[in-house]
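Q: Dumping the structure here so I can ask a few things about it.
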Amino acid sequence: MAVVEEPGKPRNWQERLAIIRDRLYDRLFHNYVWRSIFRSGYPNTPRNQMLVVATNVFLHLHPTRIHRTHVKITHTYCLGGLSFFMFIVLTVTGVLLMFYYVPDVNRAWQDIAALETNVRFGLLMRNLHRWAAHGMVILVFLHMMRVFYTGAYKPPREFNWVVGVVLLFLTLLMSFTGYLLPWDQLAVWAITVGHGIGGSTPYLGDEVQQVLFGGFEIGQGALIRFYTLHVLGLPLLAAIMMAVHFWRIRRDGGLARPL
Ligand code: HEM
């Protein structure tokens, strides 16, 4: 006797599984909430691929199309991207360090010593922060050299070069202000040199010392100023300038082509 198959009814367990999979996919991706966040379809066509990148807040930083020469890693060595990565590492480890460090001249050094010995992963956290800071200074310099040697500072990218110079100074200032925070001999003598340099500003020496160091001697005034600049003022300014820097790369027509 011939078996009459009902249309749409699964014939075996593989078909049953496929139906469950399709239903699950439908429930997950074809609903109002998903569509409100991701407006483009699955990236299976060039148009959908572009839409996925252009409509996503994180991915939209990347251009949807790039010149073929930019795929080559040796064009940029991703030195700007690595500088930015160091900044992210510094932000994350810096926030963790803030849980254990108090900017008080009577306890700053003890806090650092305790961090290294009493806090689980404290030494790792501190060293990650230190090495990332050294790394960022080196990488920013190398990035600047790469930009120079590929002639990418020339019009229409001259303004982004200026933004870059501001970023270089901010990087160096973040490094210098962080150096003081452990309040050890190295830090206090380094800041004493900085204090002297500030004091020799033509005509405004005393005022510069008052504003930057909180007095004519290195003490609590200097520590709290450097701490505030280090954890808030400078990183905030750097983040804003980086946003301008990245935005300008796109506005200037993407990365410069090889010379
Ligand atoms: C915190 C510091 C900095 C960060 C995070 C940063 C990040 C970036 C990134 C991600 C790019 C894309 C290409 C690449 O990865 O190399 C770039 C390009 C560029 N950067 Fe920077 N940068 C910084 C500092 C500087 C400095 C110090 C200069 C120069 C004084 C500079 C000038 C430029 C220019 C002109 C471009 C466009 C290059 C091209 O079109 O090929 N940047 N930057």
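The values are calculated or read from the model by the stated rules, or taken from the named source; none is laboratory data. Quick caveat, the model's predicted, so the values are computed rather than measured. Cβ coordinates were reconstructed from backbone atoms using ideal geometry, including for glycine residues, and neighbour counts include every protein chain displayed.
Q: Is one or more of the residues making up region 31-38 polar (S, T, N, Q) and within 30 Å of Pro258 (Cα to Cα)? Step through it out loud before you land on a result.
A: Within region 31-38, the first condition is being polar (S, T, N, Q), and the residues that meet it are 31, 36.
If we keep only those that are within 30 Å of Pro258 (Cα to Cα) as well, we get none.
So far as region 31-38 goes, no, none of its residues is polar (S, T, N, Q) and within 30 Å of Pro258 (Cα to Cα).
Q: Additional query: On the basis of being closer than 25 Å to Phe85 by Cβ and at pLDDT below 95, does Gly199 make the cut? Reasoning before the result, please.
A: Details: closer than 25 Å to Phe85 by Cβ: no; at pLDDT below 95: yes.
No; evaluated as a whole, the condition is false for this residue.
Table: residues versus (1) in a helix (DSSP H, G or I); (2) more than 16 Å from the ligand (Cβ to nearest atom); (3) closer than 19 Å to Arg146 by Cα; (4) outside the structural domain of Met136 (by TED's automatic domain parsing).
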position	(1), (2), (3), (4)
Arg23	yes, yes, no, yes
Pro43	no, yes, no, yes
Asn56	no, yes, no, yes
Tyr77	no, no, yes, no
Ile88	yes, no, no, no
Leu96	yes, yes, no, no
Tyr101	no, yes, no, no
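Q: Taking Leu180, is it within 30 Å of Gly221 (Cα to Cα), within 26 Å of the chain's Cα centre (by Cα) and at pLDDT below 95? Walk me through it before giving the result.
A: Details: within 30 Å of Gly221 (Cα to Cα): yes; within 26 Å of the chain's Cα centre (by Cα): yes; at pLDDT below 95: yes.
In short, yes.
Q: Against the definition (surrounded by 14 or more Cβ atoms within 10 Å (Cβ to Cβ) and at pLDDT 95 or above), how does Leu123 come out, yes or no? Give the derivation first.
A: Numbers: surrounded by 14 or more Cβ atoms within 10 Å (Cβ to Cβ): no; at pLDDT 95 or above: yes.
Answer is no for this residue.
Q: Just checking, how many residues over region 152-206 are acidic (Asp, Glu) and in contact (Cβ under 8 Å) with a residue 24 or more places away in the chain? Step through it out loud before you land on a result.
A: Narrowing region 152-206 to residues acidic (Asp, Glu): 158, 184, 206.
Cutting the leftovers down to in contact (Cβ under 8 Å) with a residue 24 or more places away in the chain gives us 184.
The total comes to 1.
Q: Against the definition (touching a residue at least 40 places away in the same chain (Cβ under 8 Å) and either among the hydroxyl-bearing types (Ser, Thr, Tyr) or within 30 Å of Leu259 (Cβ to Cβ) (or both)), how does His75 come out, yes or no?
A: Details: touching a residue at least 40 places away in the same chain (Cβ under 8 Å): yes; either among the hydroxyl-bearing types (Ser, Thr, Tyr) or within 30 Å of Leu259 (Cβ to Cβ) (or both): yes.
So His75 passes the test.
Q: Scan region 64-85 and tell me whether some residue there is more than 30 Å from Val163 (Cβ to Cβ) and modelled with pLDDT of 90 or more. Talk me through it step by step, then tell me what you get.
A: Going residue by residue through region 64-85, those that are more than 30 Å from Val163 (Cβ to Cβ) are none.
No: zero hits.
Q: Taking only region 215-243 into account, find how many residues are free of Cβ contacts under 8 Å to residues at least 40 places away in the same chain and under 15 Å from Val193 (Cα atoms).
A: 4
Q: Can I ask one more? Among the residues in region 147-154, are any over 26 Å from Val102 (Cα atoms), within 20 Å of the chain's Cα centre (by Cα) and surrounded by 14 or more Cβ atoms within 10 Å (Cβ to Cβ)?
A: Taking region 147-154 and keeping what is over 26 Å from Val102 (Cα atoms), we get 147-154.
The next check asks that each one be within 20 Å of the chain's Cα centre (by Cα); those that pass are 147.
Checking which are surrounded by 14 or more Cβ atoms within 10 Å (Cβ to Cβ) leaves us with 147.
Checking region 147-154: at least one residue is over 26 Å from Val102 (Cα atoms), within 20 Å of the chain's Cα centre (by Cα) and surrounded by 14 or more Cβ atoms within 10 Å (Cβ to Cβ).
Q: Would you confirm whether any residue within region 133-155 is within 15 Å of the ligand (Cβ to nearest atom), more than 24 Å from His75 (Cα to Cα) and small (Gly, Ala, Ser)?
A: yes
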